[in-house]
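Colleague: Please find one structure pasted underneath; my questions will follow.
The values are calculated or read from the model by the stated rules, or taken from the named source; none is laboratory data. Nothing here was measured: the structure is a model prediction, and the numbers come from that model. Cβ coordinates were reconstructed from backbone atoms using ideal geometry, including for glycine residues, and neighbour counts include every protein chain displayed. All accessible areas refer to the heavy atoms of the entire protein, side chains included, with ligands and DNA or RNA removed. Shrake-Rupley method; radii C 1.70, N 1.55, O 1.52, S 1.80 Å.
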Amino acid sequence: MPQCNLSIAVVCSSNMNRSMEAHAFLSKKGFLVRSFGTGDKVKLPGTAPDRPNVYEFSSTYEEIYQDLLNKDKSFYTQNGLLHMLDRNKRIKIRPERFQQCKEKFDIIVTCEERVYDQVVEYITNRMPTENASVHVINVDIQDNHEEATIGAFLICEMITHMAKSEDLDNDIDEMLHQYESKCQRQLLHCVLFY
């Protein structure tokens with residue numbers, strides 16, 4: 001287990017798949033991690049593309065699980081949503097919206113560029129009070145179960161390297177450049193202040 005005092009947030013749109021897979025993976029490796037979504041609502045695929053399941057962030061994973069179970073147990077078992085929700089409810093009670101969090105993090109990892117933009121906009125629009133820096137990094141991960149698993153592994157590997165740094169602020173650009181080459185994914189990165 002890494003001895004790491006970095007505070008990490010992983011953020012996707014609905015705090016369901018990508019951020020929760022990374023949350024579970026990082027947590028098992030001993031990291032101090034929380035996960036969030038940036039959307040207005042929690043959205044999950046429905047039985048048709050034009051009929052998504054939409055929930056408030058105040059809904060618990062258990063409530064969403066029961067709702068999908070009652071709607072179509074076979075369909076939602078087959079597409080993996082019930083399994084995903086079962087994992088989620090073992091990690092925390094409900095999805096959380098990033099814009100409602102008051103906690104400060106050392107590193108925020110987003111899972112798609114649109115979410116990265118929302119996180120950057122939210123932090124930028126807050127009045128800085130402490131002059132504490134936060135590294136916001138985007139790793140594009142497609143929103144499906146297989147990519148979420150691969151993405152969680154990539155994020156964990158990246159955070160593990162960062163945790164070993166004696167001076168992350170100084171080392172991060174080189175680390176991200178090397179990591180970008182290794183994982184063949186373009187990363188976005190900026191430093192913002194609380």
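Colleague: Using a 1.4 Å probe over the heavy atoms of the protein chains, calculate the carbon and sulfur portion of the accessible area of the chain as a whole percent.
Modeller: Summing carbon and sulfur atoms, their accessible area is 49 percent of the total for the chain.
Colleague: Using the beta-carbon distance between Q142 and D173 and R0 = 22 Å, what value does 1/(1 + (r/R0)^6) give for FRET efficiency, to the nearest 0.05?
Modeller: FRET efficiency, Q142 to D173: 0.25.
Colleague: Once label points are set 7 Å from the Cα along Cα→Cβ at both K41 and T149, what is their separation, rounded to one decimal in nm?
Modeller: Label-label distance for K41 and T149, simple model: 3.1 nm.
Colleague: Could you tally the net charge around V10, taking each other residue with its Cβ under 10 Å from the Cβ of V10, Lys/Arg +1 and Asp/Glu -1?
Modeller: Cβ neighbours under 10 Å give a net charge of +1.
Colleague: Exceeding 21 Å between C-alpha atoms, which entries from my cross-link table qualify? They are K28/K73; K29/K164; K71/K92.
Modeller: Listed pairs above 21 Å: K28/K73; K71/K92.
Colleague: With all protein chains present, calculate the accessible area of L32 using a 1.4 Å probe and round the result to the nearest 10 Å².
Modeller: 110
Colleague: For a 24 Å ceiling on Cα separation, which of these pairs sit above it: K43/K89; K89/K182; K41/K89; K43/K182?
Modeller: Over 24 Å apart, Cα to Cα: K89/K182; K43/K182.
Colleague: Can I ask one more? On average over all directions, what projected area in square nanometres does the chain have, based on the convex hull of its Cα atoms?
Modeller: Averaging across all directions leaves 11.0 nm² for the Cα convex hull.
Colleague: Which length gain, in nm to one decimal place, applies between K89 and E103 when the Cα-Cα distance is subtracted from 0.36 nm times their residue separation?
Modeller: Here the segment from K89 to E103 would lengthen by 2.9 nm.
Colleague: Indicate, rounded to the nearest 5 percent, the antiparallel portion of the DSSP beta bridges found entirely in the range 1-85.
Modeller: Close to 35 percent.
Colleague: Suppose the chain between E56 and Y122 were pulled fully straight at 0.36 nm per residue; how much longer would it get relative to their current alpha carbon spacing?
Modeller: Extra length available between E56 and Y122 comes to 21.8 nm.
Colleague: Where in the chain are the helices, taken as whole DSSP H runs, whose Cα atoms extend 24 angstrom or more along the long axis and whose Kyte-Doolittle mean reaches at least -1.0?
Modeller: Span-like helices in the chain: 145-163.
Colleague: Based on DSSP, what percent of beta bridges with both residues in the chain are antiparallel, to the nearest 5?
Modeller: Close to 40 percent.
Colleague: Right, next: With unit charges on the beta carbon (Lys/Arg positive, Asp/Glu negative), name the residue among L85, T38, Q66 whose Cα is farthest towards the positive pole of the charge dipole of the chain.
Modeller: Q66
Colleague: Using a 1.4 angstrom probe on the protein heavy atoms only, could you order I123, I150 from most to least accessible area?
Modeller: Sorted descending by solvent-accessible area, the residues read I150, I123.
Colleague: Another question about this same structure. Go through 107-118, 68-79, 8-19 and give me the packing order, highest mean Cβ count within 10 Å leading.
Modeller: Ranked from most to least packed, the peptides come out as 8-19, 107-118, 68-79.
Colleague: Separate question: Round to the nearest 0.05 the FRET efficiency obtained for H189 and T77 when R0 = 25 Å and r is the Cβ-Cβ distance.
Modeller: So the FRET efficiency works out to roughly 0.05.
Colleague: How much net charge surrounds Q142 when only other residues with a Cβ under 14 Å from its Cβ are counted (Lys, Arg +1; Asp, Glu -1)?
Modeller: Result for the neighbourhood of Q142: -4.
Colleague: Divide by every residue of the chain the summed helix terms, -39500 (n - 2.57) for each DSSP H run of at least 4, and state the resulting mean residue ellipticity at 222 nm, rounded to the nearest 500 deg cm²/dmol.
Modeller: After summing the helix terms and dividing by the residues of the chain, the value is -15000 deg cm²/dmol.
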